[in-house]
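Everything below concerns the one structure shown next.
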Amino acid sequence: MNTINKLTEIFSKFPGIGPRQSKRFVYFLLTRNNGSLEELSKLILELKKEVTVCESCQRFFPKTSQSKICDVCTDKNRENGMLMVVERDADFENIEKSGAFGGKYFILGGKVPILEKNPEQKIRVTELKERVQDKNLKEIVLALSVSPDGENTEKYVRELLSPIVEKKKIKISTLGRGLSTGIELEYPDSETLKNAFKNRT
């Protein structure tokens, strides 16, 4: 397999990218000068060195200090009693941009497909169970994709957390249905997200 085909295969593994688009990426790179390609390869190599995972919410954040907790989780002005559970970092960023939510977050790291036999390998089960042990927690908002896999993930998480939330009397809610069926949380505009949060059930 030559370099063009190898790179095409790698790009096709990116979320939402098919073989045709991945091939376009490769040919686009071929039109760039060596300086641009060197800068790109350097940034890719530096990515893992300069970014870490928050031990509390599990999101990626820049290593600006020795802290292992991100600035959102350490923000004393945020509501400690509310925890929003989302699938990916992109969902977190879109909700933050909307200004609709002022609590804390947890990033699942994915979703549980229907008929998945090992759901604990698809999302951060252990970390989530540890996170909801917080004595200040009053409500968990499940902000997941409005799709079959998203709904399956919601059902799985509810069952997973059921013993904990019943014992600690924590409310579990979901976003209101102002969101279109099949939509990823990365894409709705700010007003749609605000309404969905306001009308959570």
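None of the figures in this text is laboratory data; all of them are computed from the coordinates on show. Predicted model, so just to flag it, every value in this text is computed and none were measured. A quick note on method: Cβ atoms are made from the backbone with ideal geometry, for glycine too, and the neighbour counts reach across all protein chains shown.
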Flagged as over-length at 18 Å C-alpha distance, from 138/167; 76/104; 104/155; 129/169, the pairs are 104/155
Looking only at lysines whose Cα falls under 21 Å of residue 6's and that sit 8 or more positions away or on another chain, we get 23, 42
In the chain, taking the dipole from +1 charges on Lys and Arg beta carbons and -1 charges on Asp and Glu beta carbons about the Cα centre, the listed residue (105, 19, 51) farthest towards the positive end is 105
Answer in debye to the nearest 20: the dipole magnitude of the chain about its Cα centre, from +1 Lys/Arg and -1 Asp/Glu charges placed on Cβ, is 260
The residues 154, 87, 93, sorted from fewest to most surrounding Cβ atoms within 10 Å, come out as 93, 154, 87
Among beta bridges assigned by DSSP with both residues in the chain, the antiparallel ones amount in percent, to the nearest 5, to 20
Most exposed to least, judged by fewest other Cβ atoms within 10 Å, 64, 31 sort to 31, 64
Contact order relative to length for the chain, counting C-alpha pairs under 8 Å separated by 6 or more residues, stands in percent at 17
Read-out volume of the Cα convex hull per residue in Å³, candidates [x] 134; [y] 159; [z] 124; calculated match is [y]
Note on the stretch 3-46: contact order normalised by length, alpha-carbon pairs under 8 Å, 6 or more apart, percent, works out to 29
The alpha-carbon center of the stretch 45-89 and that of the stretch 113-168 are separated, in whole Å, by 19
Scoring only Lys, Arg, Asp and Glu (+1, +1, -1, -1) among other residues with Cβ under 13 Å from the Cβ of residue 165 yields +4
For residue 42, the net charge from surrounding residues (Cβ-Cβ under 13 Å; K, R +1; D, E -1) works out to -2
With the dipole of the chain defined by +1 on each Lys or Arg Cβ and -1 on each Asp or Glu Cβ, the option from 90, 143, 119 whose Cα lies farthest towards the positive pole is 119
Ranked from fewest to most other Cβ atoms within 10 Å of their own Cβ, 134, 71, 89 fall in the order 71, 134, 89
